[in-house]
2 protein chains.
Amino acid sequence: MSKISNRQLERYPIYLKYLLSVRNEYNNVSAPMIASALGLSIEQVRKDIQIVSVREGKPNQGRNVNELINDIQRFLGYDSLDDAVVIGVGHLGKAFLNYKGFKEFGLSIVAGFDIDTNLINTKINNIVIYDLYSLNSVISQLHAKIAILCVPSDVAQQVTNRLVNCGIKAIWNFVPVHLDVPEDVVIENVNLASSLAILSHRLNKKGD
Amino acid sequence: MSKISNRQLERYPIYLKYLLSVRNEYNNVSAPMIASALGLSIEQVRKDIQIVSVREGKPNQGRNVNELINDIQRFLGYDSLDDAVVIGVGHLGKAFLNYKGFKEFGLSIVAGFDIDTNLINTKINNIVIYDLYSLNSVISQLHAKIAILCVPSDVAQQVTNRLVNCGIKAIWNFVPVHLDVPEDVVIENVNLASSLAILSHRLNKKGD
């Protein structure tokens, strides 16, 4: 399998969203249709589809919508549920615990962790919040592989080290710091501060 | 001013965070110090600093930490507060309304908007939630320029059109759809579904 860029990977959920929205309307979609709806080039859409699907599109008929949905879901790993835990139950952590749409993306949140005694042993959206100090024993029972990291910056690396020791294999990092992890651990950073910086800088430049 | 890439812009909040964390410890920082702490190349750090700061670093002494903090904050527009509104007060919208750290990034949330009558005219973190149908009159009173968009996908474009008509100049978009805006409106997309897709795909590939 050839190496796929992040830019490319980012497009698949967008294809998926589009295909799910038109599945009741059309049986087949063509690359030009998708490209036009999503503001992408036809060539790009063709390439992206070829990567996930071994099926051949019929000339002038395009692809079967439901088959293409299945292909993309399997490619992204959405066809099987990965168990995830939320580490740090502040405002953002709470939002993730409450969000009911993750199953659509192959993610099932099975526990939260915090050090706040007011939160420990309570439930949010029917998900138990555990004491962060019991991380080892709880994670090994739950067999979770993904951690959604929402802790304060100054403890992020220390908590990450503990997650790695517990066998966590993927970290979705919302803390705006650089984290060191072993090579076999996957990390995906979402830096909202950086995203806001881009917006703010561009807005201020417009006013010049 | 030369054009700055998003990659580059994304680094400035990371520099800022680091500098704020060491300001009590050091008076001066050098590019090699910053590079080593953040896992970046020295050359990259030097270039990034030169863009925001006209001041010269003294050889072997580096830059004054507080001056560099001020330079970056001014560059990113954090030295003046921009008023922002949250559109759509679901779980994510609530998390933003509750977050007290935005002022650090030059953002002040002044109102929320939703169509849920149970939310309208209530306050979250002392910020009033207004009826989305009163958008025009409220925004023109508040003079807000930035909207944080957290509405359901199927109404995102329609709500965006209304925001643009109200004079909103920047949209921080958390809805995973492509939005059309006029050229003078800045848009920054944060697609959590795409970010999760990258993580999920990489995790599943590891297991192959």
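The values are calculated or read from the model by the stated rules, or taken from the named source; none is laboratory data. Everything numeric here is computed off the predicted structure, so don't read it as measured data. Positions of Cβ are backbone-derived with ideal geometry, glycine not excepted, and every protein chain shown enters the neighbour counts. We work out accessible area using only protein heavy atoms, side chains counted, and drop any ligands, DNA or RNA first. Shrake-Rupley method; radii C 1.70, N 1.55, O 1.52, S 1.80 Å.
For an R0 of 41 angstrom, estimate the FRET efficiency from the Cβ-Cβ distance between B:GLN158 and A:ASN126 and round to the nearest 0.05.
On the way: r = 33 Å, r/R0 = 0.81.
Working from the Cβ atoms, E equals 0.80.
Which of A:LYS100, A:LYS123, A:LYS47 moves most in a GNM of chain A, Cα contacts under 10 Å?
Comparing A:LYS100, A:LYS123, A:LYS47 in the GNM, the peak value goes to A:LYS47.
How do A:GLU188, B:GLU43 rank by accessible surface area computed with a 1.4 Å probe, from largest to smallest? Working shown, then result.
Working: A:GLU188 20, B:GLU43 105 Å².
I get B:GLU43, A:GLU188, largest accessible area first.
Dividing the alpha-carbon Rg of the stretch B:94-200 by 2.2 N^0.38 Å yields what? Walk me through the intermediate numbers first.
Values: Rg = 14.1 Å, N = 107, 2.2 N^0.38 = 13.0 Å.
For the stretch B:94-200, the normalised Cα radius of gyration comes out at 1.08.
Enter the buried accessible area of the B/A pair, total of both sides, probe 1.4 Å, in Å² rounded to the nearest 100.
Working: alone 12830 and 12840 Å², together 20750 Å².
The buried area between B and A, both sides summed, comes to about 4900 Å².
Roughly how crowded by other chains is peptide B:10-17, in terms of the mean Cβ count from those chains within 10 Å of each of its Cβ atoms? Kindly include the intermediate steps, with their values, before the conclusion.
Values: counts 8, 3, 5, 10, 7, 0, 3, 6.
Partner-chain Cβ atoms within 10 Å, mean over residues of B:10-17: 5.
With a sphere of radius 9 Å drawn around the Cβ of B:SER195, what net charge do the other residues whose Cβ falls strictly inside it have (Lys, Arg +1; Asp, Glu -1)?
Working: positive: none; negative: A:GLU10, A:GLU188.
It works out to a net charge of -2.
Enter the mean number of other protein chain beta carbons within 10 Å of the beta carbon of each residue in B:183-195, as an integer. Working shown, then result.
Values: counts 0, 1, 2, 9, 2, 10, 3, 6, 6, 9, 11, 9, 10.
Taking the mean over all residues of the peptide, I get 6.
What FRET efficiency do you get for A:LEU20 and A:LEU81 if R0 is 22 Å and r is their Cβ-Cβ distance, rounded to the nearest 0.05?
Details: r = 18 Å, r/R0 = 0.80.
Working from the Cβ atoms, E equals 0.80.
Let me know the whole percent of all Cα-Cα pairs from the stretch A:1-151 that are separated by more than 22 Å. Intermediate values should be presented prior to the final figure.
Details: 5777 of 11325 pairs.
Everything past 22 Å amounts to 51 percent.
So what is the 222 nm mean residue ellipticity for chain B from helices alone, if each DSSP H run of at least 4 adds -39500 (n - 2.57) and you divide by all residues, rounding to the nearest 500 deg cm²/dmol? Before the final figure, lay out each step's value.
On the way: 8 runs with 88 residues, N = 208.
Helix-only estimate at 222 nm: -13000 deg cm²/dmol.
Can you compute the modelled spin-label distance between A:TYR99 and B:ASN27, with each label point 7 Å from Cα toward Cβ, in nm?
4.6
Using a cut-off of 10 Å between beta-carbons, work out the net charge of the residues near B:ASP131 (Lys and Arg +1, Asp and Glu -1, B:ASP131 not included).
On the way: positive: none; negative: B:ASP114, B:ASP116.
Summing Lys and Arg as +1 and Asp and Glu as -1 gives -2.
Over all residues in A:96-107, what is the mean tally of Cβ atoms on other chains that come within 10 Å of each residue's Cβ?
Details: counts 4, 1, 5, 4, 1, 3, 3, 0, 1, 6, 4, 3.
Going residue by residue through A:96-107 and averaging, the value is 3.
For chain A, set up a GNM with springs between Cα atoms under 10 Å and report which of A:ASN189, A:ASN24, A:ASN64 has the largest fluctuation.
Highest fluctuation among the options: A:ASN24.
With a 1.4 Å probe and every protein chain kept in, tell me what percent of the accessible surface of chain A is carbon plus sulfur.
Of all accessible area on chain A, carbon and sulfur atoms account for 47 percent.
By per-residue mean of other Cβ atoms within 10 Å, what is the highest-first order of A:106-115, B:193-202, B:156-165? Mind dumping the intermediate values first?
Details: A:106-115: 20.7, B:193-202: 22.3, B:156-165: 18.1.
Descending packing order for the listed peptides: B:193-202, A:106-115, B:156-165.
Skip the ligands, DNA and RNA, and give the accessible area per residue of the stretch B:151-208 with a 1.4 Å probe, whole Å².
Values: 2440 Å² over 58 residues.
Computed with neighbouring chains in place, this is 42 Å² per residue.
Label points 7 Å out from Cα along the Cβ direction at A:SER137 and A:GLN50: separation in nm?
Roughly 5.5 nm, to one decimal.
Treating only the Cβ of Lys, Arg, Asp and Glu as charged (+1, +1, -1, -1), what charge dipole size does chain A show about its Cα centre? Round to the nearest 20 debye. Could the numbers behind the result be given before it?
Working: 21 positive and 20 negative charges, 135 e Å.
Rounded to the nearest 20 debye, it is 640 debye.
Got a sec? Charge dipole of the stretch B:32-122, +1 on Cβ for Lys and Arg, -1 for Asp and Glu; which of B:ASN121, B:GLY88, B:GLY39 is way out at the positive end?
Most positive-ward Cα: B:GLY39.
Which links in A:LYS103/A:LYS169; A:LYS123/B:LYS100; A:LYS17/B:LYS3 stretch past 22 Å when you go from one Cα to the other?
Details: A:LYS103/A:LYS169 19 Å; A:LYS123/B:LYS100 24 Å; A:LYS17/B:LYS3 33 Å.
Violating the 22 Å Cα-Cα cut-off are A:LYS123/B:LYS100; A:LYS17/B:LYS3.
Of the beta bridges DSSP finds with both residues in the stretch A:103-195, what % are antiparallel, to the nearest 5?
Here the antiparallel bridges make up roughly 15 percent for the stretch A:103-195.
Between the stretch B:82-136 and the stretch A:81-125, how far is it from one alpha carbon centroid to the other, in angstrom?
23
How much of A:TYR130 can a 1.4 Å solvent probe reach, expressed as accessible area in Å² and rounded to 10?
So the heavy atoms of A:TYR130 present about 60 Å² to solvent.
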